[in-house]
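See below for the structure under consideration.
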Amino acid sequence: TGMSYNFITKYNSPNHGAKTVLLPCKDVVLHWWGTPANQDPQGIINWLCNPASKVSSHSVIWPGNVACIVDYCNRSWANGNNWANDNSITLECDPSHVNETIPTIAEYLADLVRQGILRADFRLSGHKDWYSTACPGDYYDRLKEIRDLVRRNLTLVEPKKEGKVTEAQANRIIELLE
């Protein structure tokens, strides 16, 4: 299935550590970029790509869009916890449009599983599981829902196109069965 979101790769945050995240990754930590105050995703990307901020995430997600700003194998500076930074992929998600962002998160995570970047049995946690914070706000009580949507997304398969078997193909199948 094709992506129904824009995958943006033109940004690169300098705010990351060495390659410590082993792929396929087992952990994803979900964040939101502050309280719902209609912040502009571009402003968040700019902040996370600014060396002065000393923070980052692997991706920034808002309805219909994913901006990847740190390579998945690199350690993001996001979780306030060394183990989580070393071993997880971090997502910064839109706090103002939670309902509209969740389908994009789920499809993106399913794509990461299909690409071998995430394990199919990955754990999805919130920032507050690793650090004393309210983050990821309204997403926290919906982590199971997001995980279930990823599972559902992974079970969707393209219908096979029906085609006729040629006589040569049929004869070859018969040969193999004898």
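The values are calculated or read from the model by the stated rules, or taken from the named source; none is laboratory data. Just so it is clear, the structure is predicted and the values come from calculations on it, not from any experiment. Quick reminder, even Gly has a Cβ in these numbers, built from the backbone with ideal geometry, and neighbours come from all protein chains shown. All accessible areas refer to the heavy atoms of the entire protein, side chains included, with ligands and DNA or RNA removed. Shrake-Rupley method; radii C 1.70, N 1.55, O 1.52, S 1.80 Å.
Give the residues of the range 117-151 that are in a loop (DSSP other than H, G, I, E, B) and in contact with a helix residue (DSSP H, G or I) (Cβ under 7 Å, 6 or more places away or on another chain), sorted by residue number.
W130, T133, A134, C135, P136 - these are the residues of the range 117-151 that are in a loop (DSSP other than H, G, I, E, B) and in contact with a helix residue (DSSP H, G or I) (Cβ under 7 Å, 6 or more places away or on another chain).
Looking at P63 and the list (1) more than 17 Å from Y108 (Cβ to Cβ); (2) open to solvent by 30 Å² or more (accessible area, probe 1.4 Å); (3) not polar (S, T, N, Q), which single condition is not satisfied?
(1)
Quick check: is even one residue across the range 22-29 closer than 18 Å to S96 by Cα, in contact with a Gly (Cβ under 9 Å, 6 or more places away or on another chain), buried (at least 19 other Cβ atoms within 10 Å of the Cβ) and of a type outside the set (K, R)?
Of the residues in the range 22-29, the ones closer than 18 Å to S96 by Cα are none.
No, that holds for no residue.
Mind checking which residues of the range 7-66 are touching a helix residue (DSSP H, G or I) at 6+ places or on another chain (Cβ under 8 Å), in a helix (DSSP H, G or I) and touching a residue at least 24 places away in the same chain (Cβ under 8 Å)?
Of everything in the range 7-66, just one residue is touching a helix residue (DSSP H, G or I) at 6+ places or on another chain (Cβ under 8 Å), in a helix (DSSP H, G or I) and touching a residue at least 24 places away in the same chain (Cβ under 8 Å), namely S53.
Among the residues in the range 11-21, are any modelled with pLDDT under 95 and either buried (at least 19 other Cβ atoms within 10 Å of the Cβ) or under 17 Å from Q115 (Cα atoms) (or both)?
yes
Output yes when any residue across the range 81-96 is on the phi > 0 side of the Ramachandran plot and either part of a loop (DSSP other than H, G, I, E, B) or open to solvent by less than 50 Å² (accessible area, probe 1.4 Å) (or both), and no when none is.
Here is the first cut: in the range 81-96, the residues on the phi > 0 side of the Ramachandran plot are none.
Checked the range 81-96: no residue is on the phi > 0 side of the Ramachandran plot and either part of a loop (DSSP other than H, G, I, E, B) or open to solvent by less than 50 Å² (accessible area, probe 1.4 Å) (or both).
Go through the range 101-119 and give me each residue that's of a type outside the set (A, V, I, L, M, F, W, C) and more than 13 Å from R142 (Cβ to Cβ).
T104, E107, Y108, D111, R114, Q115, G116, R119
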